1. For the range A:47-67, which residues satisfy the criterion of being in contact (Cβ under 8 Å) with a residue 40 or more places away in the chain and open to solvent by less than 70 Å² (accessible area, probe 1.4 Å)?
2. Tell me which residues, restricted to the range B:1-50, are surrounded by 18 or more Cβ atoms within 10 Å (Cβ to Cβ), assigned to a loop (DSSP other than H, G, I, E, B) and within 11 Å of chain A (Cβ to nearest Cβ).
3. Take the conditions closer than 24 Å to B:Gly104 by Cβ and within 14 Å of chain B (Cβ to nearest Cβ) and apply them to A:Ser93. Does it pass?
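The values are calculated or read from the model by the stated rules, or taken from the named source; none is laboratory data. Being a predicted model, the structure only gives us computed values, none of them experimental. All Cβ positions, even for glycine, are placed from backbone atoms using ideal geometry, and neighbour counts span all protein chains on display. For accessibility, only protein heavy atoms count, side chains too; no ligands or nucleic acids. Shrake-Rupley method; radii C 1.70, N 1.55, O 1.52, S 1.80 Å.
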Amino acid sequence: EAAVTQSPRNKVAVTGGKVTLSCNQTNNHNNMYWYRQDTGHGLRLIHYSYGAGSTEKGDIPDGYKASRPSQENFSLILELATPSQTSVYFCASGVSLGKNTLYFGAGTRLSVL
Amino acid sequence: QQKVQQSPESLIVPEGGMASLNCTSSDRNVDYFWWYRQHSGKSPKMLMSIFSNGEKEEGRFTVHLNKASLHTSLHIRDSQPSDSALYLCAARGSALGRLHFGAGTQLIVIP
C-alpha cells in the first residue's frame, strides 16, 4: 500500500514561533497536498505541489508556506505560528490523472499556545 | 461557502440497518466524486469513487451519481459497528489533481 509518513506526530508550539511539518512519500506520486482538519470544516487545502520545485496555493494559504525540494518530500512551514493554526494537519500524495485517489499520512496534531 | 455540501451532519442507525449519506457540489466543473472514510483518530482512506452516471456497488456499499444535479449518495446496507466513522465526500473540478472535501457525515452504528 502507498506510504506517506508525517513528522512530527504531535507538536506544541508557542505563538510567534516557527513550525515546520514534514512529509515523505515513497509512492513516486507527482502530486502532494497539505490539508488541515477542523471540526465542522472537513479537510481544507492549504498548499499543494505538482512535482519537485513547484508549490501552489490552496484554499486557505494565508500564514503558511510550502516547500517541495524533491519528489519524495513536501514541507509545510508556519513562520509565525498563531493559536488559530491549532489543528490536525494531513499530508497526502496522489497521481495527477485518472482516479487520483489520495493517500494520507497519519496526521500531525499541532497546538499553538 | 463550501463547494461540497454533505448531509446529514450526523446519522445514527441500528446494527443491520441501512445508512444513506448525501453529497452535492456547487461547482459545475466537477467531474469526479470520491467517498473517504475516517475512523476516529485515524487518517482518511478512500472507500469508493464514481465518475459516471448511475450506480456502483462494492459489497455492502453502493454509490449513486447524478451528474446533472452534481449529487452523489452513499448507501451502506447491513451496517456494522465497525462502519462507525466520519464519511467525507470529495469532488474534483477541472483543475488538475485538486479535490474539495465536504465537512463530512458522522455515522454511528448502534449494536
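1. Within the range A:47-67, no residue meets the criteria.
2. B:Ser43, B:Pro44 - these are the residues of the range B:1-50 that are surrounded by 18 or more Cβ atoms within 10 Å (Cβ to Cβ), assigned to a loop (DSSP other than H, G, I, E, B) and within 11 Å of chain A (Cβ to nearest Cβ).
3. On the way: closer than 24 Å to B:Gly104 by Cβ: yes; within 14 Å of chain B (Cβ to nearest Cβ): yes.
For A:Ser93, the condition - closer than 24 Å to B:Gly104 by Cβ and within 14 Å of chain B (Cβ to nearest Cβ) - is met.
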